[in-house]
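Here's the structure, in structure tokens; my notes come after.
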Amino acid sequence: SSPQTAVLLMAYGTPYREEDIEGYYTNIRHGQRPPQPLYDQLLGRYQAIGLPSPLAKITQDQGQGLQTLLDAQSPGKYRVYVGLKYISPFIAEAVGQIAADGINEIIGLPLAPEYSSYSSEDYHLRAKAALEDHPGISYLPVGSWWKHSDLIDFWADQLIALGHETDRDDAMVIFSAHSLPMRIIEGGDPYQQEVIDFMEAIAAKADLPADHYTLAWQSAGRTEEPWIGPDFVTVAKDLIASHGKKTIISASIGFISDNLEISYDVDIELANAIRQAGGSLVRLRMPNTDPQLLATLKESVLEADGRS
Ligand code: FEC
């Protein structure tokens, strides 16, 4: 028999080849082609990390890993699909496939741990818009899922493993998440507070003293309006130049995968700035396909299903 419930994993997507970058960036810019200098900058960042980036495969592997856990729990009940925002397989294509497969129940799970109108809510809106062509399919949205102890442990365990490294007076942990335009916070978006609460949960679990960590924002978009700050590069340089820090430990808790924001913004941009300032960077591992992430995703699906 065919599965009863589709689990729709939704993510940003990444260009597979250099030729994909223009269309991908045009989609991100709501259909407007990027001006040449912005295009060149983005191309340069992808060339620096090398295409294809590992992200596309990581997302597929997260789907496979989740499928395996769900099959062990309830054989045959769930089928996992991946739908992307800005490149094929688009969310609408995945919804079309679910309909073609005769499944009439979807659990929508955004691959973003904290809730924001720009991430989680936007993924759900896209899925629901696609469902207008397929009446009769129900949709259960999953909210934020950073509270799961497995995900908190994933980060806390790495800090605990660093041991005395985090206790040294000249070391500082910078937790970071994707910056967003300021205007969303003024509009009551829970994102900033969820990032703070997630950081505090990890710090408490790792027994990190309050003066050994700080929060900063990364990867602000190339738009005119103000974005949430301070930026992590500025914070890291200041910690080294003016506060006697030598080792910066970077924990990008707003993401779950090795994407451009990690491979370029952290591993190249932040790392260079820290090196030039005379310090060194220790970058914590991303969840990718770690069992603690997969367990978190599985629990999120089962909880949502229990609510239905
Ligand atoms: O290929 C890769 O590895 C990178 C994929 C990628 C991820 C990602 C995550 C998030 N973004 C969020 C918000 C915005 C807003 C804008 C914006 C712009 C870009 C650009 C690229 C890009 N984002 Fe992204 N983001 C990724 C890639 N992002 C490329 C365009 C160049 C640039 O501005 O740097 C501004 C445009 C707009 O107004 O829409 C806002 C958020 C996340 C984390 C949640 C999620 O993953 O969905 C929020 C991965």
- What are the ³J(HN,Hα) values, in whole Hz, obtained from phi via the Karplus relation 6.51 cos²θ - 1.76 cosθ + 1.60 with θ = phi - 60°, for each residue of the range 201-206 in sequence order, with x given for Gly and Pro? 5, 5, 4, 5, 5, 8
- Note on the structure: Any residue on another chain or 5+ positions along whose placed amide H is under 5 Å from the amide H of residue 227 is listed here as 182
- Taking H placed 1.01 Å from N in the peptide plane, check which residues at least 5 places from residue 139 or on another chain put their amide H under 5 Å from its amide H. 106
- Item | Extension gain (nm, one decimal) between residue 302 and residue 26, 0.36 nm per residue minus Cα-Cα | 95.8 nm
- Hey, which of these cross-link pairs are over 27 Å Cα-Cα: 57/237; 147/237; 57/298; 57/85; 128/298? 57/237; 147/237
- Task: Please give the length that would be gained between residue 133 and residue 17 if that part of the chain were fully extended, namely 0.36 nm times their separation in residues minus their C-alpha to C-alpha distance (nm, one decimal).
- Result: 38.7 nm
- Beta carbons within 10 angstrom, averaged per residue: use that to sort the peptides 41-49, 171-179, 260-268, 219-227, highest first. 171-179, 260-268, 41-49, 219-227
- How far, in nm, would the chain grow between residue 207 and residue 164 when pulled straight, counting 0.36 nm per residue and subtracting the alpha carbon separation? 14.3 nm
- Per-residue Cβ neighbour rank within 10 angstrom, fewest leading, 240, 98: 240, 98
- Task: Give me the angle, in degrees from 0 to 90, between the Cα long axis of helix 36-49 and the longest principal axis of the Cα atoms of the chain, rounded to the nearest 10.
- Result: 80 degrees
- Label-point gap, in nm, between residue 51 and residue 283 - each point 7 angstrom along Cα→Cβ: 2.0 nm
- Message: Can you give me the angle between helix 120-131 and the longest principal axis of the chain, using Cα atoms only, in degrees from 0 to 90, rounded to the nearest 10?
- Response: 20 degrees
- For the range 250-256, 3J(HN,Hα) per residue [Karplus equation, 6.51 cos²θ - 1.76 cosθ + 1.60, θ = phi - 60°, Hz, x = Gly/Pro]: 9, 10, 8, 7, x, 10, 10
- Starting from the amide H of residue 173, placed 1.01 Å from N in the peptide plane, find each other amide H under 5 Å away whose residue is 5 or more places distant or on another chain. 213, 214, 249
- Query: Which angle between 0 and 90 degrees, to the nearest 10, do you get for helix 149-162 versus the longest principal axis of the chain when only C-alpha atoms count?
  - Reply: 30 degrees
- Zone reached by a paramagnetic label modelled 7 Å from residue 73 Cα along Cα→Cβ, restricted to the range 276-308 with backbone N below 12 Å, covers 294-307
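No value in this document is a laboratory result; all are computed from the given coordinates. This is a predicted model, so every value here is computed, not measured. No Cβ is skipped: glycine too gets one built from the backbone with ideal geometry, and neighbour counts run over all protein chains shown.
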